[in-house]
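In what follows, a single structure is set out as structure tokens and then discussed.
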Amino acid sequence: MLSNHDRSRLASRIGPDRVPGALALLLTLKGTPTLYYGDELGLPDAPVDGRHARDCAELRAPGLGLGRDPQRMPMPWREKPAHAGFAPDDVATWLPIPSWAGQFSVESQELSPRSVLCRVKELLMLRRELAALRRGGITMLSHHPDHLAYLRGGGEDVVLVAVNLSDRHQRIAFSGTGRALWSSHATADERDHPAGAVDLAPFEARLFSVTSDKWPVPVTA
């Protein structure tokens, strides 16, 4: 998992630009992934003043920043209502929902193919369809400070995962070829089919189906 109700939300900890890549790691590494509600929306922490504080840590030591209410904001479902579709407008929610919550709502993100929510849904469908991502082994290809690349699966069923960890473009060259499956940045019709290299935009993550009989080996970074 990347977040829970005791820690600041992912987007607030690492920044919104890094969220799609982090979610790609969560949903392609070995193990059973757990999404803390709102991470699939890129939802940040929500400020909670002392008057609305509920968490015992904040109530016992006010003003020290120990409260965990900011990462427990109610889920924003809709864009327009006062409580973002979480509760009727005339009902007071346990924790306040800020006015900006609607822009992160499920309703608004479902309409945008480039949203964090749509990217996560695409990854979940790939994980469901590809045994390599559910049960396959893992082989690390590159663990450079600026990028990470690894293979999931074995035999003919192999998925290459490449993640740019930096705010600069990165190119990773490989000896093999692959078919583009997913990108955190590009829509389906913009994803090229690489031959021997992966070009990554800042903080971009990409998945490829490796179809050659020889697994790719990184030759440059």
Exercise. How far, in degrees from 0 to 90, does helix 116-129 lean away from the longest principal axis of the Cα atoms of the chain, to the nearest 10?
Worked result: 50
For this session: Using a 1.4 Å probe over the heavy atoms of the protein chains, calculate the carbon and sulfur portion of the accessible area of region 52-97 as a whole percent.
Result: 57
Exercise. Give me the Kirkwood hydrodynamic radius of region 1-156 in Å, from all C-alpha pairs, to one decimal place?
Worked result: 17.4
Problem set entry | Debye equation applied to the C-alpha atoms of region 1-54, log10 I(q)/I(0) at 0.16 Å⁻¹ | -0.49
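Order of 48-55, 69-76, 96-103, 157-164 by packing, highest average Cβ count within 10 Å first?
157-164, 69-76, 96-103, 48-55
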Exercise. Taking a probe of 1.4 Å, how large is the accessible area per residue of region 83-171, in Å²?
Worked result: 53
Exercise. When every alpha-carbon pair in region 51-102 is counted, what percent end up more than 15 Å apart?
Worked result: 48
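The values are calculated or read from the model by the stated rules, or taken from the named source; none is laboratory data. This structure is a prediction, so every number in the text was calculated from the model and none was measured. Using ideal geometry, Cβ is built from the backbone for each residue, glycine included, and neighbour counts are taken over all protein chains shown. Each accessible area value is taken on the protein alone, full model and side chains, heavy atoms only, with ligands, DNA and RNA left out. Shrake-Rupley method; radii C 1.70, N 1.55, O 1.52, S 1.80 Å.
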